[in-house]
1. Spot the failing condition for residue B:90; the list is (1) assigned by TED's automatic domain parsing to the domain that holds residue B:14; (2) at pLDDT below 90, and only one is missed.
2. Considering only residues of segment A:121-133 that are part of a helix (DSSP H, G or I) and in contact (Cβ under 8 Å) with a residue 60 or more places away in the chain, which is farthest from the chain's Cα centre (by Cα)?
3. Which one is farthest from the other protein chains (Cβ to nearest Cβ), of the residues in segment B:83-121 that are surrounded by 15 or more Cβ atoms within 10 Å (Cβ to Cβ) and touching a strand residue (DSSP E or B) at 6+ places or on another chain (Cβ under 8 Å)?
4. Which members of segment B:58-84 meet the condition of being out of contact with any helix residue (DSSP H, G or I) (no Cβ under 6 Å at 6 or more places or on another chain) and within 25 Å of residue B:23 (Cβ to Cβ)?
5. Residues that are on the phi > 0 side of the Ramachandran plot and either surrounded by 17 or more Cβ atoms within 10 Å (Cβ to Cβ) or within 17 Å of the chain's Cα centre (by Cα) (or both): does segment B:46-69 have at least one?
6. For residues in segment A:292-301 being touching a strand residue (DSSP E or B) at 6+ places or on another chain (Cβ under 9 Å) and crowded, with 17+ Cβ neighbours inside 10 Å, which is nearest to residue A:71 (Cα to Cα)?
7. I'd like to check something: does segment B:129-151 contain any residue that is facing chain A (nearest Cβ under 10 Å), assigned to a loop (DSSP other than H, G, I, E, B) and on the phi > 0 side of the Ramachandran plot?
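The values are calculated or read from the model by the stated rules, or taken from the named source; none is laboratory data. Being a predicted model, the structure only gives us computed values, none of them experimental. In this analysis, Cβ positions are derived from the backbone assuming ideal geometry, glycine residues included, and neighbour counts consider all displayed protein chains.
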């Protein structure tokens with residue numbers, strides 16, 4: 001510990017240059033993702049799944065140290081680099097999956113990684129309030145609030161509208177023409193027809209692997225005509241995340257048609273991911289810049305006996 | 001709901017320009033002056049100044065029916081005014097207001113592009129793909145008529161142009177297209193356009209026109225579906241714009257309130273008086 005302290009002192013921990021890793025981490029990360037990844041939405045998505053965890057990393061530092069020193073920015077950046085390069089999210093996801101079903105969505109880990117440290121920092125701040133902890137806590141809570149807002153407005157809202165539109169379109173098309181077969185091939189909609197049991201078996205062994213479709217076909221077999229349309233996220237645990245509208249139609253003769261529309265919703269979903277990531281990234285850069293500027297000037301204040309005092 | 005959020009965000013957008021113009025005029029912004037500027041801006045906006053300015057400038061400055069252009073003009077004018085006044089005397093109030101105006105331009109441009117323009121373009125691409133797919137498959141898109149609020153007109157190009165002109169508001173583009181392409185036997189056009197931007201009932205319209213021979217045109221108009229997309233986009237833009245303004249105005253006014261007498265001269269900040 002003493003050795004580490006000696007090394008730290010030799011590195012001039014109060015130099016303003018140590019703020020640079022924190023200020024530049026997001027631009028560098030975004031540029032690297034854009035160069036590395038061919039798929040633009042996936043490149044941007046890595047900002048919203050990884051880069052936003054820089055603030056939680058600073059939260060961890062704030063929990064451990066009450067007083068801010070510019071070198072803490074570099075520590076947070078190292079912590080973030082370790083989290084990202086060691087694929088910690090995926091490791092935690094696999095571990096938690098043994099206990100809780102996360103619906104195939106590893107983004108819950110990202111959310112947990114933001115919420116849990118923020119809650120611990122809140123307790124630490126109540127115990128001993130320093131300006132470092134207060135500023136970082138405000139940043140973390142603002143991040144959680146705005147990301148929730150951005151996600152609801154840019155992702156959940158448009159997906160709901162698109163899902164309702166597809167449902168209404170398919171229902172009315174069927175009502176007007178008494179069939180939906182003629183939509184097959186339009187906008188890359190792929191169709192599969194046969195008996196409900198046969199299709200359920202076919203899907204259960206296929207690469208597409210839509211659990212809900214198989215379950216629905218099994219449940220509805222022998223129960224007469226039915227029409228179901230819904231939107232679901234496919235392969236959320238991999239980089240090739242997609243959205244698809246699925247329609248299952250069973251007619252009076254017990255013939256089933258499964259229509260999967262993946263291209264258009266996936267394209268829209270890609271745009272949503274870009275929008276969300278740009279907003280999340282822009283917000284984070286602004287907050288990090290402001291927070292580090294405040295901390296650089298006033299990072300050694302502590303709240304004691306009803307007022308802020310310099311330690 | 002979308003119109004309520006839209007109306008709220010429209011009113012909120014004038015607050016930062018109002019503070020910017022006040023700082024330009026008085027140099028050091030006091031709390032009373034800031035409150036007065038904000039109140040006057042809200043009152044003028046409620047009185048319909050935006051529409052009056054739009055009408056007054058139409059013809060010689062622009063040809064638009066969209067009052068949002070007045071807001072854009074006001075935001076840019078305020079930013080230029082407060083930026084110019086900094087060259088004369090850089091008070092802290094002006095510096096903060098200039099930053100707020102700059103941030104407003106950047107953030108609103110990003111919000112508008114990401115939350116409004118992109119979803120509209122995606123909606124246009126989706127409808128175009130659907131229509132062209134059906135045309136490739138069966139010659140026209142008649143099977144879509146009546147589905148999810150789509151209305152169709154079929155007949156000779158002249159008849160269709162006259163019926164659409166009578167029954168569809170903002171049908172100028174469709175009528176002009178049918179007239180301009182009267183001598184073309186084959187045609188497929190699909191596009192998305194804004195309707196009624198000068199009223200509260202603004203919406204979005206998908207239009208598809210197909211001609212298989214000189215004497216038969218089919219026009220399909222869909223207002224319901226794309227307008228729903230526009231409503232979602234307006235809500236998202238409005239909520240984020242209001243949240244952004246709330247944050248910036250609160251922070252900006254707090255800084256101005258604490259340091260309102262400062263000005264920058266000779267390489268350092270000095271206190272007035």
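1. It is condition (2) that residue B:90 fails.
2. A:131
3. B:91
4. Within segment B:58-84, B:68, B:69, B:71, B:72, B:73, B:76, B:77, B:80, B:84 qualify.
5. Of segment B:46-69, the ones on the phi > 0 side of the Ramachandran plot are B:48, B:59.
Narrowing the set further to residues that are either surrounded by 17 or more Cβ atoms within 10 Å (Cβ to Cβ) or within 17 Å of the chain's Cα centre (by Cα) (or both) leaves B:48.
Yes, segment B:46-69 contains a residue that is on the phi > 0 side of the Ramachandran plot and either surrounded by 17 or more Cβ atoms within 10 Å (Cβ to Cβ) or within 17 Å of the chain's Cα centre (by Cα) (or both).
6. First, the residues of segment A:292-301 that are touching a strand residue (DSSP E or B) at 6+ places or on another chain (Cβ under 9 Å): A:298-301.
If we keep only those that are crowded, with 17+ Cβ neighbours inside 10 Å too, we end up with A:299-301.
Numbers: A:299: 12, A:300: 13, A:301: 17 Å.
The qualifying residue nearest to residue A:71 (Cα to Cα) is A:299.
7. yes
Yes or no, residue by residue, for (1) under 21 Å from residue A:261 (Cβ atoms); (2) free of Cβ contacts under 8 Å to residues at least 40 places away in the same chain:
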{"position": "B:109", "(1), (2)": "no, yes"}
{"position": "B:129", "(1), (2)": "yes, yes"}
{"position": "B:134", "(1), (2)": "yes, yes"}
{"position": "B:149", "(1), (2)": "yes, no"}
{"position": "B:152", "(1), (2)": "no, no"}
{"position": "B:173", "(1), (2)": "no, yes"}
{"position": "B:177", "(1), (2)": "no, yes"}
{"position": "B:186", "(1), (2)": "no, yes"}
{"position": "B:189", "(1), (2)": "no, yes"}
